[in-house]
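Every number in this text was worked out from the coordinates using simple rules, so none of it is lab data. As the structure is a computational prediction, the values presented were derived from the model and not from experiment. Counting neighbours? That spans all protein chains shown, and the Cβs are built from the backbone with ideal geometry, glycine included.
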Ligand code: 1BN
Ligand code: ZN
């Protein structure tokens, strides 16, 4: 693994104009398509130091069954490409539902109008109720890149790892009393652009759900939105995302430090338009945990080289346990 270095200078993924480096001012001050506008004035204000203490006996540090998480990823990848509208996409939905049997699951199904026509898009939410008033959403997308659908592309890291990690988090949450906020696991759909990533051709499911939850009052109850994307890379470097909420990013870093995993976090900073954008725009505190350094210069991203052999169970363990520790720290306040 690459040694982590918090003070490493940001490496620009030059080829991808939607990812901007560290300073928006230095980059001309423009925002990438899909990146959020500044949070609404009503956004809850907090600082990471508000969450610095846990109860005297917080119990053992959280952990996940990372071998099982990687096994899920293998099984998901075995379906083949899973773009919206495909038979494999429907098979994956059935797979997700089968692993959530007995859980409280709701979906948000709609028809998305895209540059490639109309497609059914379905967000899936598994709800684990807590004793505290409020919701923590942990999200990740399950669709895979559409333009690459006939190239042998299988999206092991991009789409596969996030889907699998959420299934494993469900295993960890299931059957336990939640002495904290309700946790909602959200498998988003239609994250990928159908043609080219723009504000209107991307994050179809997240845009629909953010609007739905704004209209039905759910959004006001969301204390934090934690997004996992491309988190299986064996060489794990989670970027600090400049379009996420600073205090929540700080909290994630504190959680990583508590577990001794800080060298895998925030060695560089990016600004990434992703599923959190529609929630950020509506003032929800968000943290996008994305490793946008997948192979040298992100060379495996959106290529048929995005395969399971590039992933490791340790990376899924690191991200899964840091997410759970972040939840625990949020619960403690
Ligand atoms: C992440 C994985 N994304 C798509 N697949 C979002 C993204 C799009 C990140 C464009 C950077 C540039
Ligand atoms: Zn992608």
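Computed quantities for the displayed model
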quantity: Two-site FRET efficiency, residue 211 against residue 105, from Cβ-Cβ distance with R₀ of 22 Å, rounded to 0.05; calculated: 0.60
quantity: Kirkwood-type radius of region 62-113, with distances r between different C-alpha atoms, in Å; calculated: 12.9 Å
quantity: Region 183-243, Cα convex hull volume normalised per residue, Å³; calculated: 133 Å³
quantity: FRET efficiency estimate (nearest 0.05) - Cβ-Cβ, residue 150 to residue 332, R0 56 angstrom; calculated: 0.70
quantity: Rounded, prolate or oblate (a/c below 1.5 giving rounded, otherwise prolate when a/b exceeds b/c) for region 209-300 by Cα gyration tensor; calculated: prolate
quantity: Net lengthening on full extension, residue 178/residue 199 (0.36 nm per residue, minus Cα-Cα); calculated: 3.9 nm
quantity: Förster radius 45 Å - calculated FRET efficiency between residue 296 and residue 132, Cβ distance, rounded to 0.05; calculated: 0.55
quantity: Gain on full stretching of the segment that runs from residue 118 to residue 97 - 0.36 nm per residue minus C-alpha separation; calculated: 5.2 nm
quantity: Rounded, prolate or oblate (a/c below 1.5 giving rounded, otherwise prolate when a/b exceeds b/c) for region 121-233 by Cα gyration tensor; calculated: oblate
quantity: Sorted by Cβ density within 10 Å, fewest first, the residues 194, 259, 185; calculated: 259, 194, 185
